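Participant: Structure incoming, see below.
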Amino acid sequence: MSEFFASIGFLQEGPFAVPRWEALFEKGMDTLWQGAATTLLVASLGLALALVLGIVIGVMSASHWRIPRAFARGYVEFFQNTPLLIQVFMLYNALPLLFEGLFLPVVTIGILGVGMYHGAYIAEVVRAGIQSIGRGQLEAALSQGFGYVGAMRYIVVPQAMRIVLPPMTNQAVSLIKNTSVIAIIAGGDLMYAGDSFAGRFGHYGPTYVMVGLIYFLMCFPLAILARRLEERLRAD
Amino acid sequence: MIKLTGVSKHFGSHQALKNIDLEVPAGQKLVVIGPSGSGKSTLIRCMNMLEKPSAGQVIVDGVDLTAHRAPIAKVRQSVAMVFQQFNLYPHKTVLENLTLAPIVVRGVSKDEATETALQYLERVGLSEKKDKYPAQLSGGQQQRVAIARALNMHPKIMLFDEPTSALDPEMIQEVLEVIVGLADSGITMVVVTHEMGFAKEAADRVIFIDEGEILEDGTPIHFFENPQHDRTKLFLSKILR
């Protein structure tokens, strides 16, 4: 057996050599799991923020009120058309200049960063969902004395959410992966933990394979969920 | 109860309503008849401001709805509308369709809203469907639920916008019977319809509207037996054949 492994060149030397794997399993996994915990924290709070922003801004951009609609459009275009990496960099470096002494913890920056960025995408999903609900629903609610916000909250948005659940779940998947940008500001997340362990000992190969695998384990169940929801929606 | 003064409505270059004056006293059962595209739906939708008039004044229950910052939502609580396409809330059960607005909008307790809802479902003959979803009901049943939903707001005014036009013929009667049954209730009713039998049976007053103008205004007998305008006669000759 060992002769068989000995015959495989890339396990003898180079980035994926066996000793590097051994080092990762002996010294690296604790660091990675800690990073994964931080990633989960940033992702779950970021997702909560993204959902709130996405629903509020999605409702605003589907409304007939000119100023909220203009604000919502501006928000969406800004966050969709600039890289998340730069947004996070600005939160970290420019915020303390704009508001003197405002140094946010990196985890908070991560939550704000992915929350606001994916909030813009979710807003577009929500807007499309709202617009797919027939106008009669809004009119029925208004005719019963609901205000616009109440009609959205009780009648239109709950129906829209059912439709947009699958694309929303896909947004959650990309949000998890995008939390990795806080590695550039020493965010303590999974990507950062991987980077620092790999950098310290030079075991890049096994470390990044493992980091990728852990991201996959976090995202894959959601991807399955998205497909299930979509099938259920089609069945109705 | 409802007073329209000089109401006009434009959709782009098309004028759907031309300077309409109309007063509906409390308790009256008014039927609005007219060919399709005549403006009759626009007229009834102006009465609860689902359409905003381009000009003129709409006063409902003493409140000028066309005034700046008028309390439109407040007035709508007592002006129920029944739509051609029912517009039941598909994500809510029949019972929840009836109780949602009373609870959320009018602040009625859940127990009270449920109690009256069950009474109104009984009245439209659908008590046993209370836990179904709208999609599980026939069109006629959905429209009866929509009427019960309207009633559960305890409205002073009920607006019916072609309530039977989307129904299969065999379901029209069950819905009309429910509406006729309401005629003694004292609620002011405005009904846009193509059902001439209903107009004869239930209306106190019929108006005929064509090209955005009221051409006839009087009792059902006046309308059916002694119409004044050639356009009315033409319409009746087509419809009463």
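Participant: Look through the stretch B:146-174, keep the residues that are small (Gly, Ala, Ser) and open to solvent by 10 Å² or more (accessible area, probe 1.4 Å), and return whichever of them is nearest to the chain's Cα centre (by Cα).
Facilitator: Let us first name the residues in the stretch B:146-174 that are small (Gly, Ala, Ser), namely B:146, B:148, B:150, B:165-166.
Now drop any that are not open to solvent by 10 Å² or more (accessible area, probe 1.4 Å), which leaves B:165-166.
Working: B:165: 13, B:166: 14 Å.
Result: B:165.
Participant: Quick one: count up the residues across the stretch B:62-84 that are within 8 Å of chain A (Cβ to nearest Cβ), open to solvent by 40 Å² or more (accessible area, probe 1.4 Å) and touching a Ser or Thr at 6+ places or on another chain (Cβ under 7 Å).
Facilitator: 0
Participant: Then there is this: Are any residues in the stretch B:13-53 within 19 Å of residue B:63 (Cβ to Cβ) and in contact with a helix residue (DSSP H, G or I) (Cβ under 6 Å, 6 or more places away or on another chain), and if so, which ones?
Facilitator: Once the filter is applied, which keeps residues that are within 19 Å of residue B:63 (Cβ to Cβ) and in contact with a helix residue (DSSP H, G or I) (Cβ under 6 Å, 6 or more places away or on another chain), the stretch B:13-53 yields B:48, B:49, B:50, B:51, B:53.
A quick yes/no check of all residues on (1) surrounded by 21 or more Cβ atoms within 10 Å (Cβ to Cβ); (2) modelled with pLDDT under 90:
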{"site": "A:138", "(1), (2)": "no, no"}
{"site": "A:143", "(1), (2)": "yes, no"}
{"site": "A:149", "(1), (2)": "no, no"}
{"site": "A:172", "(1), (2)": "yes, no"}
{"site": "A:200", "(1), (2)": "no, yes"}
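Participant: Any idea which of B:31, B:58 is surrounded by 22 or more Cβ atoms within 10 Å (Cβ to Cβ), within 25 Å of residue B:239 (Cα to Cα) and of a type in the set (A, V, I, L, M)? Walk me through it before giving the result.
Facilitator: Values: B:58 fails: within 25 Å of residue B:239 (Cα to Cα).
Checking each option against the conditions leaves just B:31.
Participant: If you don't mind, there's one more thing I want to ask. When the stretch A:127-167 is examined, which residues are found to be aromatic (Phe, Trp, Tyr) and in contact with a Leu (Cβ under 8 Å, 6 or more places away or on another chain)? If you could, list the steps in order and put the result at the bottom.
Facilitator: In the first step, residues of the stretch A:127-167 are kept if they are aromatic (Phe, Trp, Tyr); the result is A:146, A:148, A:154.
Passing the criteria: A:148, A:154.
Participant: Moving on. Restricting to helices (runs of 4 or more DSSP H) lying wholly in the stretch A:105-181: which have 3 or more residues that are under 30 Å from residue B:101 (Cβ atoms) and more than 14 Å from chain B (Cβ to nearest Cβ)?
Facilitator: Details: elements: A:106-132, A:135-143, A:148-151, A:157-178.
Filter on the stretch A:105-181 gives A:106-132.
Participant: Free of Cβ contacts under 8 Å to residues at least 40 places away in the same chain, in contact with an Asp or Glu (Cβ under 9 Å, 6 or more places away or on another chain) and within 28 Å of residue A:159 (Cβ to Cβ): is that true of residue B:50 in this structure?
Facilitator: Against the criterion (free of Cβ contacts under 8 Å to residues at least 40 places away in the same chain, in contact with an Asp or Glu (Cβ under 9 Å, 6 or more places away or on another chain) and within 28 Å of residue A:159 (Cβ to Cβ)), residue B:50 qualifies.
Participant: Give all pairs with beta carbons closer than 9 Å in which a residue from the stretch B:215-241 that is farther than 15 Å from residue B:203 by Cβ meets a residue that is open to solvent by 80 Å² or more (accessible area, probe 1.4 Å) and assigned to a helix (DSSP H, G or I); count only pairs at least 6 apart in sequence or on separate chains.
Facilitator: Once the first residue is farther than 15 Å from residue B:203 by Cβ and sits in the stretch B:215-241, its partners that are open to solvent by 80 Å² or more (accessible area, probe 1.4 Å) and assigned to a helix (DSSP H, G or I) give B:215/B:231.
Participant: Something else now. Would the stretch A:126-133 turn up any residue that is surrounded by 19 or more Cβ atoms within 10 Å (Cβ to Cβ), in contact with a Pro (Cβ under 9 Å, 6 or more places away or on another chain) and β-branched (Val, Ile, Thr)?
Facilitator: There is no residue in the stretch A:126-133 that is surrounded by 19 or more Cβ atoms within 10 Å (Cβ to Cβ), in contact with a Pro (Cβ under 9 Å, 6 or more places away or on another chain) and β-branched (Val, Ile, Thr).
Participant: Let me confirm something: among A:35, A:54, which residue is more than 15 Å from residue A:179 (Cα to Cα) and open to solvent by less than 40 Å² (accessible area, probe 1.4 Å)? Don't jump to the end; show me each part of the working.
Facilitator: Values: A:35 fails: more than 15 Å from residue A:179 (Cα to Cα).
Only one candidate passes the filter, namely A:54.
Participant: Right, another one. Within the stretch A:90-118, take every residue that is touching a helix residue (DSSP H, G or I) at 6+ places or on another chain (Cβ under 7 Å) and open to solvent by 70 Å² or more (accessible area, probe 1.4 Å) and give me the one that is nearest to residue A:171 (Cα to Cα).
Facilitator: This residue is A:92.
Participant: To continue, here is another question. Select the strands (runs of 3 or more DSSP E) contained entirely in the stretch B:134-241, then report the ones holding at least 3 residues which are of a type in the set (A, V, I, L, M, F, W, C). Lay out the reasoning, then the answer.
Facilitator: Values: elements: B:157-161, B:188-192, B:205-210, B:213-218.
Of the strands (runs of 3 or more DSSP E) lying wholly inside the stretch B:134-241, those with at least 3 residues that are of a type in the set (A, V, I, L, M, F, W, C) span B:157-161, B:188-192, B:205-210.
Participant: What number of residues within the stretch B:85-119 satisfy the criterion of being outside any loop (DSSP other than H, G, I, E, B) and either within 14 Å of another protein chain (Cβ to nearest Cβ) or touching a Cys at 6+ places or on another chain (Cβ under 6 Å) (or both)? I'd like the intermediate steps shown before the answer.
Facilitator: Taking the stretch B:85-119 and keeping what is outside any loop (DSSP other than H, G, I, E, B), we get B:94-104, B:110-119.
This time we only want the ones that are either within 14 Å of another protein chain (Cβ to nearest Cβ) or touching a Cys at 6+ places or on another chain (Cβ under 6 Å) (or both), so: B:96-104, B:113, B:117.
Residues that pass the stated criteria total 11.
Participant: Given the options B:239, B:209, name the one that is exposed (fewer than 13 other Cβ atoms within 10 Å of the Cβ) and within 21 Å of residue B:42 (Cβ to Cβ).
Facilitator: Details: B:209 fails: exposed (fewer than 13 other Cβ atoms within 10 Å of the Cβ).
Going through B:239, B:209 in turn, the sole match is B:239.
The values are calculated or read from the model by the stated rules, or taken from the named source; none is laboratory data. Only a predicted model underlies this, so the values are computations on that prediction, with no experimental measurement involved. Backbone-built Cβ (ideal geometry, glycine too); neighbour counts: all protein chains shown. Keep in mind that these areas ignore ligands, DNA and RNA; they rest on the heavy atoms of the full protein, side chains included. Shrake-Rupley method; radii C 1.70, N 1.55, O 1.52, S 1.80 Å.
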